[in-house]
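Single-structure report; data block below.
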Amino acid sequence: MSMRNLLLLICVAVSVTVGAAGRQLDVYFIDVGQGDAILVDYGEYEMLIDAGPNGSCAGFLLGYVDGPLEVVVATHPHSDHIGGLDDVLRVFDVHEIVTNGATANTSAYVNFMAAVMVEGCERTIARRNGTIELADLEIRVLHPYKLWGDANEDSLVLSLTFGAVEFLFTGDIEAHTEAELLRMGCLSDIAILKVAHHGSAYSSTPEFLNAAEPKLAIYSAGVGNRYGHPSELALLNLQAISAEILGTDPYGTIRVSTDGERVTSSARSE
């Protein structure tokens, strides 16, 4: 079977403590090449976390979002995360933009901010212990509590809980921030981990992963990218904790679905 036609179904065991009666949450890790873009789809409510380097994210969303985007999160102002946001803002009615408040002297950031101004979106700067509202989902901001001047380490880190299932979205954080999250004691019972910084060798430390113990780990990286993402070290560290590992470079866009108890994951490369 060719990789382009591969359909992969994975069931991940998740301990059941609370149900989410009759509701389903779908999270799409969108194949945008070398970048990040994640769609949280909760019935009639949607949240986008980053939008990759170009307009391909907006094109994907046209097939899944038939109303407004309630929330758009920019984890940090690197172009491989915000380069597609200006197109998203032009195409969709966005109610709220959430950022960490960092700026950048790049065309991607200038275009993003210009689109925010033109569209008149509400802007929120998120900090640790804050929350993001999306229907009845529990979305907590775990990082940062202030900006340190390192764009990757200052990435917004979000925890999303639905029933008994917790997602951890990590942006491009590296070892320093992973250690900080470990000290905070907020890493237990993670079902699905968005692997930090595309699987960089400077992230996914053994200490962090041993504490989080994700059942499913998903990274986003471009095929044959010049950074060598994902790194062999990150993959070995993930294998050491027996996590199921999926990446957008071999599989394309990855969908994770949950009813708050069971988790299924499917991926297709078009």
Computed helical MRE - 222 nm, the chain, DSSP H runs ≥ 4 contributing -39500 (n - 2.57), nearest 500: -6000 deg cm²/dmol
What residues qualify as long-range amide H neighbours of A201, i.e. H under 5 Å apart, gap of 5 or more or another chain, H built at 1.01 Å from N? S231
By per-residue mean of other Cβ atoms within 10 Å, what is the highest-first order of 119-125, 231-237, 243-249? 243-249, 231-237, 119-125
In terms of modelled amide H atoms, which long-range or inter-chain residues lie less than 5 Å from the amide H of A217? L193, E244, I245, L246
Run the numbers for A104 and E133: contour at 0.36 nm per residue of separation, minus the present Cα-Cα distance, in nm. 7.8 nm
Sparse-neighbourhood loop sites, GluC sites (Glu not before Pro) in the stretch 31-98 - DSSP loop, at most 14 other Cβ within 10 angstrom: E44
Could you compute the net charge surrounding F169? Neighbours are other residues with a C-beta less than 13 Å from the C-beta of F169; K and R count +1, D and E count -1. -2
Short version: ³J(HN,Hα) in whole Hz for each residue of the stretch 203-216, in order, from phi by Karplus 6.51 cos²θ - 1.76 cosθ + 1.60 (θ = phi - 60°), x for Gly and Pro, what are they? 10, 6, 6, x, 4, 4, 5, 5, 6, 6, 6, x, 7, 10
With θ set to phi - 60°, apply the Karplus curve 6.51 cos²θ - 1.76 cosθ + 1.60 along the stretch 162-173 and write out the HN-Hα couplings as whole Hz, x wherever there is a Gly or Pro. 9, x, 9, 10, 10, 9, 10, 9, 10, x, 10, 4
Antiparallel content of DSSP bridges confined to the chain, in %, to 5: 65
The rounded separation in angstrom of the Cα centers of the stretch 133-194 and the stretch 207-270 is 16
5 Å is the cut-off here: which amide hydrogens, built 1.01 Å from N in the peptide plane, fall below it relative to R123, excluding neighbours closer than 5 in sequence? I97
Residue-ordered couplings for the stretch 247-262, obtained by feeding phi - 60° into the Karplus form 6.51 cos²θ - 1.76 cosθ + 1.60 and rounding to whole Hz (Gly and Pro as x), are x, 6, 5, x, 10, x, 5, 10, 10, 10, 10, 8, 9, x, 10, 7
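Readers should treat all values here as calculations from the given coordinates under stated rules, not as data from a laboratory. Just so it is clear, the model here is predicted, and its values are computed rather than measured. Every residue, glycine among them, receives a Cβ derived from its backbone with ideal geometry; neighbour counts consider all protein chains shown.
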